[in-house]
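All remarks here apply to the structure that follows.
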Amino acid sequence: MEEYSLTVLGCSSATPNSVRFPSSQILHVLGKYFLLDCGEGTQMQLRRAKIPFENINVIFISHLHGDHYYGLFGLLASLNLTGRRTPLVIYGPKGLEEIVRFMFQNTEQTLTFPVFFKTLVKEPFTCIEEKKNYKIYSIYLSHRIDCWGFYFVENERERNIKKEAISKYNIGIEEIKCIKQGSNLTLENGMMIPNSELTIDPPRPFSYAYIADTLYKPELAEYVKGARLLYHEATFLDNHADLAPKTFHSTARQAAEFAKLAQAEKLIVGHYSARYKSLDGHLQEASEVFGNVELARDLYSYSPDRNPYCIWDKNFN
Ligand SMILES: [Zn+2]
């Protein structure tokens, strides 16, 4: 299994159509599953993607427009029915906890597992979770209501030690630990073997920036500089560019400008207005500005290291 991948569950804005569900994504990093937004239909899409609900460790809700969180109630209710015991953390705007608790109280349902709501702060860039292997940041965007993006960054990994070096110099376990962190090796005769001879570079750390609904905010690009995978909303095309500032959204071209400023490795555009039947325009306009663009599509899997592919086999549902 891949160490990291992004699965788009829904990429439509406002209303779903026959092939696009509202916003929802699963980010899989080193065995952890993060759900980014939870539009209506997320459960159905998780089933199609064969991702067990129970696998979800943390949920991030960007903002309280319905197309980004109306699926949360159903998902929590299903987790209840399946007897989840594992605690669940939900990051979201102020008010989300009240809405969810109100819904469950009034339907006389008691959750079988603890839910910890964590309220996002209106700071441009804040570290909200710091673990041994990764950090997660929230990014305060500019939308009609409070809205946040999220940035996942894997920490630098240790250097990989060459197997042949271990046997050649008979390196012990304690020494291996130091060498992986960059130390040189001193032999019994006093000879020094440089680290570069003993190790190879580790893989480049994974990083993923999720820029949800927002007005074009180029000044935020510096926070996600070098992101290996960058999703940016692209609600409109050039021919409706006047609607972007009015509705606090972005165009495909602006998403690409953002990716260029951020020096991202790969850009994924999504959150398409339902008025666009074909997505060719999004690909074309973004590609005019940025070299490595992919279209978000429901039930497609993405990684910086390979081409996207569809994970849903309709014949074996
Ligand atoms: Zn919105």
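Only the coordinates and a few stated rules stand behind these numbers; no lab work does. Just so we're clear, the structure is a prediction, and the values are computed from it rather than from any experiment. Quick reminder, even Gly has a Cβ in these numbers, built from the backbone with ideal geometry, and neighbours come from all protein chains shown.
Based on other C-beta atoms within 10 Å, arrange 178, 147, 11 from fewest to most.
178, 147, 11
Below 12 angstrom from the Cβ of residue 166, what's the summed charge of the other residues (Lys, Arg +1; Asp, Glu -1)?
Residues close to residue 166 contribute a combined charge of +2.
Debye calculation, C-alpha points only, no solvent: report log10 I(q)/I(0) for segment 51-183 at q = 0.16, 0.18, 0.20 Å⁻¹, in the same order as the q values.
Computed log10 I(q)/I(0) values: -0.87, -1.01, -1.18.
How big is the dipole moment of the chain about its Cα centre under a simple scheme where the beta carbon of each Lys and Arg is +1, that of each Asp and Glu is -1, and everything else is neutral? Debye, nearest 20, please.
The calculated dipole for the chain is roughly 500 debye.
Among the DSSP beta bridges whose two residues both lie in segment 218-306, what percent are antiparallel, rounded to the nearest 5?
10
Out of 268, 215, 200, whose Cα points farthest toward the positive end of the dipole of segment 184-317 (charges: +1 Lys, Arg; -1 Asp, Glu; placed on Cβ)?
The residue sitting most towards the positive pole is 215.
Provide the per-residue ³J(HN,Hα) series for segment 196-206, in order, calculated from phi with Karplus coefficients 6.51, -1.76, 1.60 and θ = phi - 60°, each as a whole number of Hz, with x at glycine and proline positions.
4, 7, 9, 10, 10, 4, x, x, 4, x, 7
Just to confirm a number: summing +1 for Lys and Arg and -1 for Asp and Glu over residues other than residue 147 whose beta-carbon lies under 15 angstrom from that of residue 147, what do you get?
Value of the local net charge: -2.
What does DSSP give for the chain in terms of the percent of beta bridges that are antiparallel, rounded to the nearest 5?
Beta bridges within the chain, antiparallel portion: roughly 60 percent.
When the Karplus curve 6.51 cos²θ - 1.76 cosθ + 1.60 is applied with θ = phi - 60°, which whole-Hz ³J(HN,Hα) does each residue of segment 34-51 get, with x for Gly and Pro?
10, 9, 9, 6, 8, x, 3, x, 4, 4, 4, 5, 5, 4, 5, 7, 6, 9
Taking every alpha carbon pair in the chain, what does the distance histogram look like in 10 angstrom bins from 0, in percent?
That works out to 6, 25, 31, 20, 11, 6, 2, 0, in percent per bin.
Taking H as built 1.01 Å from N, whose amide H comes closer than 5 Å to the amide H of residue 250, not counting residues under 5 places away?
Amide H to amide H, under 5 Å and 5 or more residues apart or across chains, residue 250 pairs with 214, 235, 236.
Under 22 Å from the Cα of residue 225, which lysines turn up, not counting those fewer than eight places away in the same chain?
Once the sequence-local lysines are set aside, what remains near residue 225 is 122, 131, 132, 135, 217, 260, 266.
Report, in debye and to the nearest 20, how large the dipole of segment 90-154 comes out about its Cα centre when Lys and Arg carry +1 and Asp and Glu carry -1 on their Cβ.
120
Tell me whether segment 144-271 comes out rounded, prolate or oblate; compute the Cα gyration tensor, take square roots of the eigenvalues as a ≥ b ≥ c, and use a/c under 1.5 as the rounded threshold.
Since a/c reaches 1.5 and a/b is larger than b/c, the shape of segment 144-271 is classed as prolate.
If you place +1 on the Cβ of every Lys and Arg, -1 on the Cβ of every Asp and Glu, and leave all else neutral, what size is the dipole of segment 160-199 about its Cα centre, to the nearest 20 Debye?
Roughly 160 debye, rounded to the nearest 20.
Among 7, 235, 15, rank each residue by its count of other Cβ atoms within 10 Å, from fewest to most, as a rough exposure measure.
15, 7, 235
Give me the extension gain from residue 145 to residue 170: residue separation times 0.36 nm, minus the current Cα-Cα distance, reported in nm with one decimal.
2.9 nm
Please say if segment 160-199 is rounded, prolate or oblate, where rounded means a/c under 1.5 for a ≥ b ≥ c the square roots of the C-alpha gyration tensor eigenvalues, and otherwise the choice is prolate for a/b larger than b/c and oblate otherwise?
The shape class here is rounded.
Gaussian network model of the chain, Cα springs within a sub-10 Å range: biggest mean-square fluctuation belongs to which of 229, 283, 187?
187
Sort 51, 211, 99 by Cβ crowding within 10 Å, fewest neighbours at the top.
In increasing order of surrounding Cβ atoms, one gets 99, 51, 211.
I want to verify a result. In a Gaussian network model of the chain, Cα cutoff 10 Å, which of these has the top mean-square fluctuation: 224, 115, 293?
Residue with maximal mean-square fluctuation among 224, 115, 293: 115.
If I build a Gaussian network model for the chain, linking alpha-carbon pairs within less than 10 angstrom, which residue out of 213, 298, 201 has the largest mean-square fluctuation?
Result for the chain, Cα springs under 10 Å: 201 fluctuates most.
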